[in-house]
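One structure is given below, encoded as structure tokens.
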Amino acid sequence: MSQFLDAKTALEHLRTYQSRDGLSAAELMSSTKHGGLTYNDFLLLPGHIDFPASVVSTESRITRNVVLKTPFMSSPMDTVTETAMAVNMALLGGIGVIHHNQTPEEQAAMVRAVKRHENGFITDPVVLGPTGTVADVLDIKARLGFCGIPITETGALGAKLLGIVTSRDIQFHDPSTPLGDIMTTDLVTAPAGVTLLEANALLRTCKKGKLPIVDDKFRLISLLARSDLLKNQNFPLSSKSPVSKQLYAAAAIGTRDSDRERLKVLVGAGLDIVNVDSSQGNSIYQLEMIKWIKATYPHLEVVAGNVVTREQAAMLIHAGADAIRVGMGSGSICITQEVMAVGRPQATAVHQVAEFASKFGVPVIADGGISNVGHVVKALAMGASAVMMGGLLAGTEEAPGEYFYHEGKRVKAYRGMGSIEAMEQRSVGAKGPPKAAAASKANGVVAVAEKGNAATARYFSETSNVKVAQGVSGDVQDKGSIHKFLPYLHTGLQHSLQDAGQRSVVDLQAGVRSGEVRFELRTASAQVEGGVHGLNSYTKRLFA
Ligand code: IMP
């Protein structure tokens, strides 16, 4: 007789087996007794695959009332999220949080640009009058990125439409030329009440770039853009408000009194989600700010943070937070743990806070320390509903700032908002990151920044006589466009969930809670084994 059990009984044998392979999330967390875990300290064990990766749903609720098709967010940092990042993150299914190291007006212009983008009818188009000049159009192009502008009698929406200027009309003209002299008057328009479908069909056949919608007195009501038509077709995952069909806009503010004024301007620009941005969120300033926002703007979603403990989270949830941003010291540019000796390893922080916050239906955003697709999956497995990325998205075409060369590599500046350079950034007249902190360092030049009057109050140190840095300033390599990079993260996430046998983020988190999804700790040598090793040299191309 065989010494082995019959192979046909393997599954049955497994069912009667006392303990399951690997660890549950709770066991994983308690496995180090009193230590905290980072994403690199563990792995998910594989599950059973009976579906293709392409059907895996990455949809996730990132605040109490906002659901996105992908769980990706970009950080409110001045080297990460301005208009281009916010618009394109939203088009690709995530969301970008516009930073507040700039004046309220500059920040509001970015929010407005996001809300105006690809929204079927543009109900609040930029309009000029016939006495406006080519210089005005060039200024709009520089600030907002477009120059197809309707011209009305008074220069306002609701007035009689006279013409339209496009990039071709202004070409070769002196900046002082009045728009009335050069605008196109051969217009194709659609009447008020036209459906989006009809207007789109008209735009397709007339071959114009813009279709003004006018009332019976030829007054301008709204505008439809050909470029939006194309985007509508190309971005099935885009993050839009189900009511207005506009892209979601998110922006950060601080916790000072002046931030209430800032928020008013941002709300006026159409803000959907506000992130009360602080490195240590459990402060009386933040709690009062959250309560004030919820009382003043009940429909605004409030992301509060940052926190890393249940106790901190409880305070924010009690104050009315709609989502909790988790992370202290895990960011790639961060020296908080080193200097302040305060913080928490990120996987533990996310797990502890998410487990607690989930009891109240408050989603958690895992912020910082995401440097590959695996980290995204682990953050979600620890209970996060979204990941917020700074360094991983800095260096893309859509990040603010220009590329430059550093030691032969094409790079962009990336700096912590608690770096001396960012804290001293003067926003008025010096918008965006300086050419490159890293470049000036490399040249042996100390980056001189004027003392700012709109510096963020994220680190409680911006207005002190002695500024204590919690971040560094550096550069990251060119990553190309997020139009390639985000789909890579998305597809990578789908494949990872497939490996884990989970059809969706929701299933993954349910599986973690029930103990069905299993984990394994990684020793130091397991981490070496899990990386590339033993090669003389290699090329690491992440996607194609
Ligand atoms: P990364 O994705 O690892 O680069 O981390 C980005 C996150 O680091 C941001 O979303 C912030 O929460 C955090 N952060 C930004 N600036 C600083 C800083 O100067 N010190 C510490 N943390 C920072």
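Just a few scattered comments:
- About the Cα centre, charge dipole magnitude for the chain (Lys/Arg +1, Asp/Glu -1 at Cβ), debye: 300 debye
- Antiparallel beta bridges, as assigned by DSSP with both residues in the chain, represent about 50 percent of the total such bridges.
- Tilt relative to the chain, helix 482-499 - C-alpha long axis, 0 to 90 degrees, to 10: 30 degrees
- Taking amide H atoms as placed 1.01 Å from N in the peptide plane, the amide H of Q246 lies under 5 Å from those of S241, each 5 or more residues away in sequence or on another chain.
- Couplings 3J(HN,Hα) for the range 347-359, derived from phi with the Karplus relation 6.51 cos²θ - 1.76 cosθ + 1.60 (θ = phi - 60°), are 5, 5, 4, 5, 4, 5, 6, 5, 4, 5, 5, 5, 5 Hz, where x marks Gly and Pro.
- Relative packing of peptides 94-100, 526-532, 332-338 - highest average C-beta neighbours within 10 Å first: 94-100, 332-338, 526-532
- Each Lys and Arg Cβ is given +1 and each Asp and Glu Cβ -1; about its Cα centre, the range 319-413 then shows a dipole of about 200 debye.
- Share of pairwise Cα-Cα distances greater than 18 Å in the range 288-401 is 51 percent (whole percent).
- Dividing the C-alpha radius of gyration of the chain by 2.2 N^0.38 Å, with N its residue count, gives 1.06.
- Built amide H within the under 5 Å cut-off of L162, gap 5+: I151, T152, E153
- Each of R325, R143 was scored by other Cβ atoms within 10 Å of its Cβ. Listed from fewest to most, they are R143, R325.
Read-outs throughout are calculated quantities, based only on the coordinates presented, and are distinct from any laboratory measurement. Every value quoted in this text rests on a predicted model; they were computed, and no experiment measured them. Positions of Cβ are backbone-derived with ideal geometry, glycine not excepted, and every protein chain shown enters the neighbour counts.
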